Structure formats: C-alpha cells, structure tokens
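Chemist: Can you read through this structure? Questions will come right after.
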Amino acid sequence: MTVLIDCINNKSVSSIPVWFMRQAGRYLPEFRDIRSKNKDFVKLCLNPELSKDITLQPLNRFNIDAAIIFSDILLIPFALGQQLRFEKNFGPILGELRSENIIDVKNDEITKKLQPVYNLLKFTSSDPKMKNKDLIGFIGATWTLLVYMLNQKSPKKNIEVDIFNYPHLDKLINKIIETQKIHIKKQIESGASIIQIFDSWAGLLEINKYNKYIYEPTKILVEYTKSLGKNVICFPRGIKNYKEYCKFVKPSAISIDYEVDPLEIAKNINIPIQGGMNPQILLTDKENLKKEAKRYLDIFKDHPYIFNLGHGILPETDPTMVDYLVKIVKDY
C-alpha cells in the first residue's frame, strides 16, 4: 500500500503524501530540452517513450509520492475527431465541432487513437522508479471538455459561444461521458493506480447550472472509477461550494484551489483534502515558502491531507524551491 492510497483510505500515514499538478513540465530544464526538439505538443503526448521520460523526471529530482502521466485532457476531443493543436503563448486551438460526426465515432476508434497513452502507462508503471509510488491517470471533467470543444480555445475569463443552446447538446454530453469512461477504464487497465478529474473551468458556470453540467456527469464518472476498484480525486477549480460538491459527487478525495479558505474546508469537509497552496508562493523566498506550507500543514494536521498546490506549478518556478518544499512536507 502506498502512502497516498493509505491517506485517501483514511488510514494513518508515516508521512504526509506529496505530489504536484504539472510537476512534469515547463519549469524543468530537462523537460524544456525535450520540448525544444519536439515542437508538436500533441505528437509529444502520443510518444510513449518520451512521455514516460517526462512523467518520471520529477521522481528523479524530488522525494514525491506519485507521478502523474504526461498527457493532456484535450486528447479526448482529439480522439473524437476534433482537430487539436497547441500554439506557443496562446494554448490549445480546437477545430470546428461537428457534433453529428462525433456522436457516431466508434469506441474502438477512440481506443486506437489513445493507445499511445495506455502504452505510456504500461511502460511507466513497470519502471523500478515507481516502486511504492502511485501513478496518477486523469481526465478532464465533462463540463470543462464541453467548454473547450465548443469554445475551440481556452475561455480564460468568459465563454464566447452559447453552450446551452447548442444543437444536440445532450447527445454530445452523453458521448463525452461514454468516452471518458473508456479512457478511465483503459488507463486503470494499463497501470493507473488513482484517477484525477480536472474541472478546470468549473468556476465559469452559474450555480443554478451546477447540477446538470458538473454534479451529475462527475458523479457518474466517480461512481464508475470506484466500481473499477480505484480511488478518484476531483479538482473542481473555482467551484463556489466545495461542501455541496463533495456531498453530491462523493469523490475519494477533493483537491482545493488557492482561492478558498482552507480553514472553512477543514471545518466543513470530512473526506481527504488535497492541495490549496498558491503556486505563486514558490516564486517568493524560502522563508515565505516555509511559512505558507506550514500554514496548510497545520490547518490539516488532524485531517487526511495530501500536500499539493491549488493549481499547477508555474513555468518560471525554480526546481530548487520545489525540492525545498518537498523537504518541508516530509519533515513535518
């Protein structure tokens, strides 16, 4: 049993588990080296050997408890036939969405397109570096995928299309959920020991629409993951009410963003908590970093807690600060 799974299953742990969102990526010089030689981001995600290297890079440097696969939530729209490319300093650009074509995509076509991701999981899970560590697979939540697929780019602060009056919307949502289930199952079969669901754009939705677009689809995916015998961590970034979310969706653990009050979370939520600290703290100094890390560790000291950030590691982060942070958590 790993320290991360022990914690999620509400057991006592010998040390606080720690890993970071976007821990394999833009702040590591060894990642930038690979990236400079591989300009096409989608192709890089679909190269099992290189993505295995990138997935394991943080484990070579830091005493962390899990690797999260180097992949992207937008490989689901890609597998459904929507064009996808990433532009430097802009982010993802998706092609025109023809829902009538997407709805008819066969399951074996989806798994064929995503097979490199499953190969990555197989290669990585059998690597000696993964001994006593968790390998985290992931998907984007239904709402977040819907936003990207219809908006055709990152919405930042607002969505430029009328999602709710889109023709065949319910059919499209059902197709996304069906594809998410396939992707979860194949990741678990290939070696993922935990699944995380990223709802990156939960904060853009009005509260009166949470039920249909966030709670219900995510609950389906959580129940499905649990039925396959694996824990599922949910990260509904920017959601207005974490307590209500946990009550309805019932994830194994909840990952919190840095805009929520951790004291409120500790008081109101009884499942394991992950994350919370603002990644910008890593851009300050060691004294400030220690103070802020200790604040989260103290708040959750009587609660099953996985140390992480309230969002991904920023590209300008110094890896020595990440190492220092891991040591603070491990010495706590």
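None of the figures in this text is laboratory data; all of them are computed from the coordinates on show. Here the structure is a predicted model, which is why all the values come from computation and not from measurement. Virtual Cβ from ideal backbone geometry, glycine too; neighbours counted across all protein chains shown.
Chemist: List the aspartates and glutamates whose Cα lies under 15 Å from the Cα of LYS185, skipping any in the same chain that are fewer than 8 positions away.
Modeler: Reachable aspartates and glutamates: ASP108, GLU223.
Chemist: Further question: Which whole-Hz ³J(HN,Hα) couplings does the stretch 43-54 yield from phi under the Karplus relation 6.51 cos²θ - 1.76 cosθ + 1.60, θ = phi - 60°, glycine and proline marked x?
Modeler: Residue by residue, the stretch 43-54 yields 4, 5, 4, 9, 10, x, 5, 5, 5, 5, 3, 5 Hz.
Chemist: Next question. For GLN274, list long-range residues whose amide hydrogen, built 1.01 Å from N in the peptide plane, is under 5 Å from its own amide hydrogen.
Modeler: Under 5 Å from the amide H of GLN274: ILE254, SER255, ILE256, ILE306.
Chemist: On a full-extension model of 0.36 nm per residue, what is the gain between VAL42 and LYS290, subtracting their alpha-carbon distance, rounded to one decimal in nm? It would help to have the intermediate numbers written out before the result.
Modeler: Working: separation 248, 0.36 × 248 = 89.28 nm, distance 3.67 nm.
That works out to 85.6 nm of additional length.
Chemist: Further question on the same structure: Along each principal axis of its Cα atoms, how long is the stretch 212-332 end to end? Whole angstroms, biggest number first, please.
Modeler: 43, 30, 28
Chemist: In terms of modelled amide H atoms, which long-range or inter-chain residues lie less than 5 Å from the amide H of ILE68?
Modeler: Under 5 Å from the amide H of ILE68: ILE136.
Chemist: Based on the Kirkwood radius over alpha-carbon pairs, what is the Stokes-Einstein translational diffusion coefficient of the chain at 10 °C with 1.306 mPa s viscosity, in µm²/s?
Modeler: Reported coefficient: 79 µm²/s.
Chemist: Distance check, please: which entries in LYS153/LYS291; LYS37/LYS112; LYS129/LYS226 exceed 32 angstrom between their Cα atoms? Provide the component values of the computation, followed by the final result.
Modeler: Working: LYS153/LYS291 37 Å; LYS37/LYS112 26 Å; LYS129/LYS226 26 Å.
Correct reply: LYS153/LYS291.
Chemist: Another question, if that's okay. Only loop residues by DSSP count here, and only those with at most 12 other Cβ atoms within 10 Å; note down the trypsin sites (Lys or Arg not before Pro) in the stretch 113-143 that meet that.
Modeler: Numbers: sites: LYS113, LYS122, LYS129, LYS131, LYS133; in loops: LYS131, LYS133.
Listed in order of number, the matching sites are LYS131.
Chemist: Any of LYS113/LYS250; LYS131/LYS219; LYS106/LYS240; LYS106/LYS171 with alpha carbons more than 25 Å apart? Name them for me. Working shown, then result.
Modeler: Details: LYS113/LYS250 31 Å; LYS131/LYS219 31 Å; LYS106/LYS240 36 Å; LYS106/LYS171 15 Å.
Violating the 25 Å Cα-Cα cut-off are LYS113/LYS250; LYS131/LYS219; LYS106/LYS240.
Chemist: Further question: May I ask what percent, to the nearest 5, of DSSP beta bridges between residues of the chain are antiparallel?
Modeler: Numbers: 5 of 27 bridges.
Around 20 percent antiparallel, to the nearest 5.
Chemist: By how many nm would the segment from ASP331 to SER12 lengthen if fully extended, with 0.36 nm per residue of separation less the alpha-carbon distance? List each step's numbers first, then the result.
Modeler: Working: separation 319, 0.36 × 319 = 114.84 nm, distance 1.62 nm.
That works out to 113.2 nm of additional length.
Chemist: Give a quick list of trypsin sites (Lys or Arg not before Pro) in the stretch 161-265 that DSSP marks as loop, anything other than H, G, I, E or B, with at most 15 other Cβ atoms within 10 Å. Each step should come with its number before you reach the end.
Modeler: Details: sites: LYS171, LYS175, LYS181, LYS185, LYS186, LYS209, LYS212, LYS219, LYS226, LYS230, ARG237, LYS240, LYS243, LYS247; in loops: LYS230, ARG237, LYS240.
Those satisfying the criteria are LYS240.
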